[in-house]
Amino acid sequence: MLLTTIEPAQYVRTHIVPIVNEFRKLQQTDGRVQANFEKADEWLDKLLPSVRHVYEILLMPEMAEAFEADIAEWRQNGLDSVPYFDHTLKCFIPPVPQAFSFIIAPLVATNGPAPKGHFLECFLVLREEPMELEGVSAMLPHPKNGCQSCRLITGSKGIMMGNCIVFFPENIKAKEKVESQSFAMFFFNKFQLIYLTETFPRVMQLFGTGWVSDALSTESVYRARSVWGYLHDYYHHNGPRPFDTNLQVKLNFFVGILEEIKVDCQSVVAACELNVPFGREIAEYILFERMLRYPNQPDAKTNFDAGTGLFLFEWLIQNGSCFEIPEQGLRLSLEQCVEDIKRLISEVEEIERIEDDEQFKVEAKRYVRRYLPEGIGKEKFAIPDRYARYIGHAFGEPKLLDFSQLPY
C-alpha cells in the first residue's frame, strides 16, 4: 500500500501529538512522572492503541511491540521511576529513502525548548535523499554511512518548537550505554527558517554584504543542507580516531570540541575546493552557524555547541589571517579562512594520533583551554575576550521558533 504524506501525518497530528504534549507536562527532566499519576496512566492508555495503529500503517509492527514492552516495564517499576526505552532503541531501524518513519520515546530534543531533558516526544519524518548526494558520495565514498536526510512532517513540542534538528541513538533514555551510532536522522527542512531568522541577520550586521547563502529556494536549502550533512558525517568517520569507533572518548567535552571543529573545517575545505554542489553556500552555512548562532544561546557558557563556535573564532582571530578589523567592524575573507583552517585541521589530527585515551583527553583539554578559558562554578567556559569585543552578545535572546507550518 502506497502512503501519502497526509494519511499518517493527520493521524499522528490528531491522535498522538496532543496526548504526548499533555503527558510531557507531567514529567521531570529525567523522564519521571512527578504528579497526576492517574492522568498519566490515562494518557498512556490512549496512546497505546494509537501508536500501534501508526506503526501498522507504516509497516513497523515490531516497533509497536517494543513501545508496549517499554511502557509495561515503566508501569511495573512505577511512573515515578526513570523510564528506559531499550526495547524501542534496539528495535528501531531508520527508514529507507522515500519511506516514512515514526518514533515515540523519552528523548532529549537537542537544542529544543527549555528545559532540556528526557521528555516523551514523538515525530513523523519522510526520508528524502537529494540527487546531489549521488555525486558527492561517489567522490567521497562513506565507509559506513549512517546519516539520513529527512523532512520533518509533524511531532511533539520538543521537536516542533525550537532548533532540534537531529535524532541520534543516544538521545533516547536507555539503560544500555550506546557504544556506536547506527543512525543519525536529520530534520533538514527546519534549517532554512533557523538560518534566515537567527544567523544571517547577524552575518549582515557583522560582516556586511556580499554573501550568497540567503538566496537559495526552500527546496534548494534542503538539498544543500543534506550535502553538508553528508560531508559532516563522512569526516566524522575518517581520520586517526573515527567518531563511531571512539564514541565514548569523543563524548568527553574537550575531545568533542576538537572533533566538531575538525569535521566542520574539513567540510568547509571540501565545499570550497572539491566539486561539491552548493559549495559556497555550504561553506557560509558552516562558518556562520558555528561562530555566530551557536554562541548566542542563552545558556552559552554551558552549551557544547556554543563552545565550539567560540573556540573556532578565537583560534582564527589569534592564528589566522582571514579577519580584518577596520574601525567599522570585522570583515571576513572566506578564501583566506579556508587556508587558515587547514592548519587547524592538522593540529587537531596530530592530537588525535595519541593512542592512550587518557593522555588524549589531557592534551585535548590543554589545547582547547588555550582558546576557551575556564568558567565559574558550573560554567564549562567563559566568553573569550576577543569574542566579547568583536562579536559580543548584542543580538538578544533567540526566539523560540515554531516549525508547525514547514513550507517543505
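Derivation of every value follows stated rules applied to the coordinates shown; laboratory data play no part. If you're wondering where the values come from, they're calculated on a predicted model, not measured in any experiment. Neighbour counts run over all protein chains shown; Cβ positions are idealised from the backbone, glycine included.
Restricting to the chain, what percent of DSSP beta bridges are antiparallel, rounded to 5?
Here the share of antiparallel DSSP bridges comes out near 85 percent.
Starting with the fewest neighbours, write out 356, 340 ranked by other beta-carbon atoms found within 10 Å of each beta-carbon.
Values: 356 9, 340 18.
Sorted ascending by nearby Cβ count, the order is 356, 340.
Tell me the net charge near residue 275. Cut-off is 15 Å between Cβ atoms, residue 275 excluded, with +1 for each Lys or Arg and -1 for each Asp or Glu.
-3
Evaluate the distance, in nm, between pseudo-label points positioned 7 Å from the Cα of residue 212 and of residue 72 along their respective Cα→Cβ axes.
Placing both labels 7 Å along Cα→Cβ, they lie 5.7 nm apart.
Please tell me the relative contact order of the chain in percent, rounded to the nearest whole number, where contacts are Cα pairs under 8 Å and at least six residues apart.
Numbers: 629 pairs, mean separation 55.1, N = 408.
The value is 13 percent.
Report, in debye and to the nearest 20, how large the dipole of region 191-390 comes out about its Cα centre when Lys and Arg carry +1 and Asp and Glu carry -1 on their Cβ.
Once rounded to the nearest 20, the dipole reads 380 debye.
For every other residue with a beta carbon closer than 15 angstrom to the beta carbon of residue 56, add +1 if it is Lys or Arg and -1 if Asp or Glu, then tell me the sum.
With Lys, Arg at +1 and Asp, Glu at -1, the net is -3.
Efficiency by 1/(1 + (r/R0)^6): what FRET value for residue 319 and residue 175, r their Cβ-Cβ distance, R0 = 56 Å, to the nearest 0.05?
0.80
Work the Kirkwood hydrodynamic radius out for region 191-390: mean of 1/r over every pair of different alpha-carbon atoms, inverted, in Å.
When all Cα pairs of region 191-390 are included, the Kirkwood radius is 17.3 Å.
How far, in degrees from 0 to 90, does helix 304-319 lean away from the longest principal axis of the Cα atoms of the chain, to the nearest 10?
10
Given a Förster distance of 56 angstrom, what is the FRET efficiency for residue 7 paired with residue 273, based on the Cβ-Cβ distance and rounded to 0.05?
It comes to 0.80.
Could you give the length gained on full extension between residue 245 and residue 81, defined as 0.36 nm per residue of separation minus the Cα-Cα distance, in nm?
Difference between extended and current length: 55.8 nm.
Sort 408, 55, 11 so the one with the fewest other Cβ atoms within 10 Å of its own Cβ comes first.
Ascending number of Cβ neighbours within 10 Å: 408, 11, 55.
Along region 123-131, what does the Karplus equation 6.51 cos²θ - 1.76 cosθ + 1.60 (θ = phi - 60°) give for ³J(HN,Hα), rounded to whole Hz, x for Gly and Pro?
Ordered by residue, 3J(HN,Hα) equals 7, 10, 10, 10, 6, 9, 9, x, 4 Hz.
Ignoring everything except DSSP H segments at least 4 long, calculate the 222 nm mean residue ellipticity for the chain; use -39,500 (n - 2.57) per segment, divide by total residues, nearest 500. Kindly include the intermediate steps, with their values, before the conclusion.
Numbers: 17 runs with 190 residues, N = 408.
Value at 222 nm, helices only, nearest 500: -14000 deg cm²/dmol.
Under a point-charge model restricted to the Cβ atoms of Lys and Arg (+1) and Asp and Glu (-1), what is the dipole moment magnitude of the chain relative to its Cα centre, in debye to the nearest 20? List each step's numbers first, then the result.
Numbers: 42 positive and 57 negative charges, 147 e Å.
Dipole magnitude for the chain comes out near 700 debye.
In nm, to one decimal, how far is the residue 99 label point from the residue 335 one, both placed 7 Å along Cα→Cβ?
According to this spin-label approximation, the distance is 4.7 nm.
Please compute the net charge surrounding residue 159, taking Lys and Arg as +1 and Asp and Glu as -1 over other residues with Cβ under 15 Å from its Cβ.
+4
Report the relative contact order of region 191-390, percent, no decimals, based on alpha-carbon pairs under 8 angstrom and at least 6 residues apart.
Relative contact order of region 191-390: 23 percent.
Treat each spin label as a single point 7 Å out from the Cα along the C-beta direction, and report the residue 304 to residue 36 distance in nm.
About 3.2 nm separates the two model spin labels.
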